[in-house]
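Asker: Take a look at the following structure, please.
The values are calculated or read from the model by the stated rules, or taken from the named source; none is laboratory data. The structure displayed is predicted, hence computed values, not measured ones. All Cβ positions, glycine included, derive from the backbone under ideal geometry; neighbour counts span all protein chains shown.
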């Protein structure tokens with residue numbers, strides 16, 4: 001497996017990440033070690049080399065969409081668990097007493113820590129929208 005690309009933020013630009021903002025803007029980046037392709041997993045560090053987050057890289061204004069603020073593996077089990085948690089949360093809240101609809105959202109992208117992924121249920125059909133190459 002290839003080594004994960006390392007992104008270093010400019011001094012002071014780590015504050016939003018420490019407050020769990022789900023995006024890293026391109027203007028906050030000081031240095032990129034490696035040549036990430038769109039959708040690649042990258043690790044984000046402050047300017048003192050402290051790990052902050054792991055996410056998908058994409059060129060443009062939003063350079064990183066955060067998957068985790070922990071240094072954990074982001075393989076298939078990671079995504080299964082995130083989707084399971086999102087669905088369980090919906091079952092325990094908005095779907096708990098709904099008997100009059102057959103349309104609802106199961107996964108809310110950044111709201112469920114799955115940036116760029118929206119999953120809707122329409123009368124027995126599940127529809128996925130992927131707004132980030134990293135989610136493909």
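Asker: In region 59-84, which residues are surrounded by 15 or more Cβ atoms within 10 Å (Cβ to Cβ), in a loop (DSSP other than H, G, I, E, B) and modelled with pLDDT of 95 or more?
Answerer: Within region 59-84, just 69 meets the criteria.
Asker: Quick one: residue 42 ticks every box in (1) under 25 Å from residue 130 (Cα atoms); (2) in contact with a helix residue (DSSP H, G or I) (Cβ under 9 Å, 6 or more places away or on another chain); (3) surrounded by 16 or more Cβ atoms within 10 Å (Cβ to Cβ) except a single one, so which number is it?
Answerer: In the conditions (1) under 25 Å from residue 130 (Cα atoms); (2) in contact with a helix residue (DSSP H, G or I) (Cβ under 9 Å, 6 or more places away or on another chain); (3) surrounded by 16 or more Cβ atoms within 10 Å (Cβ to Cβ), residue 42 misses (2) alone.
Asker: In region 85-97, what residues are part of a loop (DSSP other than H, G, I, E, B) and surrounded by 11 or more Cβ atoms within 10 Å (Cβ to Cβ)? Reasoning before the result, please.
Answerer: Initially, region 85-97 is screened for residues part of a loop (DSSP other than H, G, I, E, B), giving 93-97.
Within region 85-97, 94, 95 meet the criteria.
Asker: Still on this structure: Could you grab me the full set of residues in region 40-50 that are closer than 14 Å to residue 23 by Cα and assigned to a loop (DSSP other than H, G, I, E, B)?
Answerer: none
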